[in-house]
Structures are given as structure tokens and as C-alpha cells.
Amino acid sequence: ARAFLLHGMLAPSTLKSTKTELSRFLWWCRDQQLRLADLRIEDTAAYRDFLLDPQPREKWISASAYAPGHARHDPNCGTRWPRNDPRWRPFSGPLSTQSARQAFRVARALTAFAKNTGYLEREPGVLVKNFRVPRHARVERYLGPATIAYVDAAIAALPRAPGQETRSAARDHFLFVAFV
């Protein structure tokens, strides 16, 4: 896991989230009494399913910040505690589908890295499909309609070589539309 973290030259925020997800995965492996070399497809699929509902809850999700009976107590809402606090757990609450998808992507990337570098003989996560994100949760476009219109107009206004105006404009327009 350390070699995987060091090879990527990740941005600090990406490194922090990747460490979190790797830690969760390795804690789960330890809890299941599995070494990375022992992982099978079934184990990887079990971890994927575990991410959506870490059970038993008391073992994996931090205790609520509010005492029972307190007006704001919510037994379904975890909180973050320092690691040295006895209430700390790997999860502060259930993961959204998108978060579980990213967590599983990190676990699969670790096993792929371990296989590609010779730490593992096979990659147990390669055949396990990741979560599907609901259509409404996907980002359809990164640019708004006004920005798209502005860039399209800028492309149309580009200077063109004599005799190549039509082909050049069509190519540029096609490339922009294809990547929007």
C-alpha cells in the first residue's frame, strides 16, 4: 500500500482520501483474516457490497456525537472522532453510492498495482464490476449552455487558411462538439 501511494505522486487532498480508502480496505481484509495474496473474486465482491452497508455497525461506524436522549441525537448519523478516541471507527456513516464507487475504485487500483508490480500473481478485482451510479447523479456536461455558445462562436470566428475555410471550420466544430 505504501508503494502504491508513493508511485502516484498524488495531490495532497487526493493522497489523503486515497489513504483513507486504502486503510478501510486493509482493515476489512484484516477483519476477514485475508492477506492481499489470499483475496479471491468473491472476497472483492464482498468488499464492494460491504461498502454500502458496513456491518456490524458498532464495529465499523463511529458512535453518534450526541448522547442518547439529547435533542439532536440521531442513531443513524455517525461523526468523526480522532483515531485515539475509543469511539473512532473507519466510517463516520454509511457511504453514498458515489463514495462507495470511489472507495471500491481505490481498492481495485491497489490490487491492480500489486499485480502489475509483481506483489501479487493475479488481480482479484479485475472481474468484479463497480457500482452503477444512477443516471441523475452523473455529470452530463461540464460547460453550461452560455459557455458552449461562446466557445462555438469563437471557433467560428477563428482565422482560416485561404481555400480551407469550410474544411477547417467543420473539423474544429466537430472536435468541439465531440468533446463537449
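The values are calculated or read from the model by the stated rules, or taken from the named source; none is laboratory data. For clarity, every value in this text was computed on a predicted model and none was experimentally measured. With ideal geometry, Cβ positions are generated from the backbone for all residues, glycine too; neighbour counts draw on all protein chains shown. Each accessible area value is taken on the protein alone, full model and side chains, heavy atoms only, with ligands, DNA and RNA left out. Shrake-Rupley method; radii C 1.70, N 1.55, O 1.52, S 1.80 Å.
Going 7 Å from the Cα of residue 112 along its beta-carbon direction, which residues of segment 21-52 have the amide nitrogen within less than 20 Å of the resulting point?
Those under the cut-off are 21-26, 36-49, 51.
Can you tell which of 8, 23, 103 lies farthest toward the positive end of the dipole of segment 1-117, using +1 and -1 charges on the Cβ of basic and acidic side chains (Lys, Arg; Asp, Glu)?
Going by the charge dipole, the pick is 8.
Just reorder 121, 42 by solvent-accessible area, largest first, 1.4 Å probe, all chains present.
Values: 121 175, 42 110 Å².
Per-residue accessible area, sorted high to low, gives 121, 42.
Between residue 154 and residue 83, what length in nm is gained on full extension when 0.36 nm per residue of separation is reduced by their alpha carbon distance? Don't skip to the end; give the middle numbers.
Working: separation 71, 0.36 × 71 = 25.56 nm, distance 5.31 nm.
Additional length available on full extension: 20.2 nm.
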